[in-house]
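Taking it in order: structure first as structure tokens, then the write-up.
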Amino acid sequence: MFDAPNTKIKNIDIAIVGFGNVGRSLAKLIVYKRQVLEDKFNLRINVKAIFDSKGAVVKEEGFSNYELLKLTEIPRSKISEFENGLRGASLKEIYDKIKPNIHVELTPSNYIDGEPSTSNILTALNLDCNVVTATKSPLVLHYDEIFSLTKKKGLKVKFRGTVMGGTPFIDLLMSLKSYEIIKVEGILNATTNFILSTMYEKLISYEQALAEAKAIGVAEADPSIDIKGIDAAAKLIIIGRLLGKRISLDKVERDDISKLTLNDIINSIKENRVIKYIATIDESSASVKLRSLEKSDPLANINGTTNAVRIVTDSGDLFFVGKGGGGMETAHSVLDDIISIGVSS
Ligand code: HSE
């Protein structure tokens, strides 16, 4: 006897906006996991549109696995050169046609005015589309506007990929309902932790370590966002929102790690200490600072692109270690958000 066809498959139509490292990893991950998602969750994820900075490609019936993999090979900002590509197409025009269930925002963060990601997200919400974002700046600069529209529309905005890229830290933090959270501190930026670890490991200058960090593809499109502590500050602001605190970027005290010399590193080794770039938020302040830690501090032993956070609570300290930024790591968090909207819609 043949198995009866599975009639319960739910189609989730998505549009990916921003097709850099994370966007391409997400397209590949959707292909690799397609069968598992259908078998385990009865979800079929159809990518109906992909946008980059110059244009878009659209397929009303959803791109095939082969097409998605081909699209990941197209050079940056050249997606409109794929068959039937559109240059300068507007989100609204395309969404009116394909009506996606989920808008996936993966454009680079812009901390000057939050664009284009903020307008993209607001447009998607106004068109009754749920949102998954790994882009931090709209949440940092326009959180209230985004979430009041989300509430008004009865939609969902999920952002697990914004903090500790490949580790479900946001979900863990939100699950701590009975704890009083006194302080959250940790290593929230992969690029700068990689730079510091490489300086210790190879005894090279800051500039040489920065060149190595740029090559591994975790740095922001503009690496000064990592180096000046803006990326870690943005993550603190998002964590702050989850703790009910409203902090603006200019209120987060920040060190610039480019001031660090190889001599500082050598001196700290002589003193049996380790310099780390620590982001901290407590009741009264938020900061991203170079701190000299005892070697026995668990944060002193977190190296490379790994992130780690200590949550100081009224019931003792909780410590989370996991993958920070990175294309495939963040793509997993983004896909988990898509699945969670998909299964609950
Ligand atoms: N540039 C960021 C980092 C990427 O280095 O941590 C992830 O947010």
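The values are calculated or read from the model by the stated rules, or taken from the named source; none is laboratory data. Source: prediction; values computed, not measured. Quick reminder, even Gly has a Cβ in these numbers, built from the backbone with ideal geometry, and neighbours come from all protein chains shown.
Computed quantities for the displayed model
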{"read-out": "Odd one out for Ile30 among (1) in a helix (DSSP H, G or I); (2) loosely packed, with under 15 Cβ neighbours inside 10 Å", "value": "(2)"}
{"read-out": "Neighbours by Cβ (under 9 Å, 6+ apart or cross-chain): first from region 56-80, at positive phi and touching a residue at least 12 places away in the same chain (Cβ under 8 Å); second part of a loop (DSSP other than H, G, I, E, B) and hydroxyl-bearing (Ser, Thr, Tyr)", "value": "Ser77/Ser53"}
{"read-out": "Of all residues in region 22-56 being farther than 15 Å from Leu71 by Cα and hydrophobic (A, V, I, L, M, F, W, C), the one that is nearest to the chain's Cα centre (by Cα)", "value": "Ile45"}
{"read-out": "Residue within region 102-111 that is in contact with a Cys (Cβ under 9 Å, 6 or more places away or on another chain) and of a type in the set (A, V, I, L, M) present", "value": "yes"}
{"read-out": "Selection from region 224-251 of residues that are in contact with a strand residue (DSSP E or B) (Cβ under 7 Å, 6 or more places away or on another chain), within 20 Å of Ile311 (Cβ to Cβ) and either within 10 Å of the ligand (Cβ to nearest atom) or free of Cβ contacts under 8 Å to residues at least 40 places away in the same chain (or both)", "value": "Ala232, Lys235, Ile247"}
{"read-out": "Considering residues of region 33-72 that are β-branched (Val, Ile, Thr) and assigned to a strand (DSSP E or B) only, the residue farthest from Leu91 (Cα to Cα)", "value": "Ile45"}
{"read-out": "Pick from region 299-336, criterion charged (D, E, K, R) and within 12 Å of the ligand (Cβ to nearest atom), ranking: surrounded by the most Cβ atoms within 10 Å (Cβ to Cβ)", "value": "Glu329"}
{"read-out": "Single condition Phe147 does not satisfy, out of (1) on the phi < 0 side of the Ramachandran plot; (2) touching a residue at least 40 places away in the same chain (Cβ under 8 Å); (3) among the hydrophobic types (A, V, I, L, M, F, W, C); (4) not in a strand (DSSP E or B)", "value": "(2)"}
{"read-out": "Residues of region 253-304 that turn out to be more than 21 Å from Met164 (Cα to Cα) and among the basic types (Lys, Arg), as a count", "value": "4"}
{"read-out": "Test: Thr135 is over 20 Å from the mean Cα position of the chain (by Cα), in the same structural domain as Gly23 (by TED's automatic domain parsing) and of a type in the set (Ser, Thr, Tyr)", "value": "no"}
{"read-out": "Of the criteria (1) near the ligand (Cβ under 10 Å from one of its atoms); (2) more than 23 Å from Val288 (Cα to Cα); (3) among the charged types (D, E, K, R), which one Asp128 fails", "value": "(1)"}
{"read-out": "Contacts under 8 angstrom Cβ, first residue in region 195-221 being not assigned by TED's automatic domain parsing to the domain that holds Ile266, partner outside any helix (DSSP H, G or I) and at pLDDT below 95, 6 or more apart", "value": "none"}
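Residues are listed down the side, and each one gets a yes or a no for (1) modelled with pLDDT of 95 or more; (2) closer than 24 Å to Ala233 by Cα:
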{"position": "Asn101", "(1), (2)": "yes, no"}
{"position": "Val104", "(1), (2)": "yes, yes"}
{"position": "Thr118", "(1), (2)": "yes, yes"}
{"position": "Lys136", "(1), (2)": "yes, yes"}
{"position": "Phe147", "(1), (2)": "yes, yes"}
{"position": "Lys153", "(1), (2)": "yes, no"}
{"position": "Thr162", "(1), (2)": "yes, yes"}
{"position": "Asp171", "(1), (2)": "no, yes"}
{"position": "Tyr179", "(1), (2)": "yes, yes"}
